[in-house]
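Every number here is computed from the coordinates shown, using simple stated rules; none is lab data. Since we're looking at a predicted model, the values are computed, not measured. Ideal geometry is used to build each Cβ from the backbone, glycine not excepted, and the neighbour counts take in all protein chains shown.
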Amino acid sequence: MKIKVMIVDDDELIRSSLKYILASDTSIEVVNTSSNGDEAYNNLQKIDVDVILMDIRMPICNGVAATKKISSIYPDKKIIILTTFDDDDYIFEALKNGAKGFLLKNVSPDKIIEAIKIVYQGNLLLHPDVTAKLTSMLQMEKKVEWQKYDLTEAEVNIMKLISEGFSNKEIADHVFLSEGTVKNKISDILDKLHLRDRTQIAIFYLKGGNK
């Protein structure tokens, strides 16, 4: 089964270029291109989509607003923010609004393809520069009293690895546990912190707690 992708960008040349790049991978199919967030939202009512590549700065409805609108109605749609603007506020707001990945447009074509596959599998994907900016922006404390959240040392370590974009399998390899045990621990973390998904876990960790 192919990964169905929607490209949302106000620049026609970029839409065409991305469509050409993604056509090189037989496991991906571009099923729609839209020029702004409202158009994308309307098209989702008629088209089955798995992953959305979303630009930030667009007329009518920008990428941050569109991510919030789409995620609230279609929470199963996985949105990757793809932009030339590595603005801190955009990064944080997009993730808060439900984005599952954030890439800068200067990454290589194979990285874009890889990002789509990673996010499609349910993992969080952040460009290394974005992760560094998030950590700096959210001013994570060196010493955080994680115990007050009833979190174990193992759970905190898993949160850290999630914030760095590791998959369950990669986390399992790092902490020497089975992938099934890691999944159970992530469920425990979500329950303890009353969070919805991995993205919220990553933001919670990077902020040093304090939802």
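For the reader, a short list of remarks on this structure follows.
- Efficiency of FRET from Cβ geometry, His174 and Asn43, R₀ 41 Å, rounded to 0.05: 0.55
- Listed values for the range 179-188 are Karplus-derived 3J(HN,Hα) couplings in whole Hz (6.51 cos²θ - 1.76 cosθ + 1.60, θ = phi - 60°), namely 4, x, 5, 4, 4, 5, 5, 5, 4, 4, and x replaces Gly and Pro.
- Three-way shape call for the range 3-136 based on the alpha-carbon gyration tensor, with the a/c threshold at 1.5: rounded
- With Cα atoms, 0 to 90° folded angle of helix 109-120 axis to the chain main axis: 60
- Partner aspartates and glutamates whose Cα lies under 15 Å from the Cα of Lys69, excluding those fewer than 8 positions away in the same chain, are identified as Asp38, Glu39, Asp55, Glu93.
- Amide H contacts of Ile81: Met54, Lys100, Gly101, Phe102, Leu103, each under 5 Å away and 5 or more positions distant or on a separate chain (H built 1.01 Å from N in the peptide plane; Pro and chain starts excluded).
- Near Leu195, no amide H atom lies under 5 Å from its own; only residues 5 or more places off or on other chains count, and H is placed 1.01 Å from N.
- J(HN,Hα) series, the range 13-21, from Karplus relation 6.51 cos²θ - 1.76 cosθ + 1.60, nearest Hz, glycine and proline x: 5, 5, 4, 5, 5, 5, 4, 5, 4
- Amide H contacts under 5 Å for Ile3: Ile28, Glu29, restricted to partners 5 or more places along the chain or on a different chain, H placed in the peptide plane at 1.01 Å from N.
- Size of charge dipole - the chain - debye, nearest 20, with Cβ of Lys, Arg +1 and Asp, Glu -1, no other charges: 380
- In terms of distances greater than 26 angstrom between alpha carbons, the cross-link table entries Lys100/Lys160; Lys46/Lys192; Lys68/Lys148 yield Lys46/Lys192; Lys68/Lys148.
- Whole-Hz ³J(HN,Hα) from phi, Karplus 6.51 cos²θ - 1.76 cosθ + 1.60, for the range 47-56, glycine and proline x: 10, 7, 10, 9, 10, 10, 8, 10, 6, 8
- Residue range of the chain that is longest and free of chymotrypsin sites (Phe, Trp or Tyr not before Pro) which are both DSSP loop and sparsely packed (at most 14 other C-beta within 10 Å): 86-175
- A dipole drawn for the chain from +1 and -1 charges on Cβ atoms has a positive end, and of Gly165, Ser35, Leu195 the residue lying farthest that way is Leu195.
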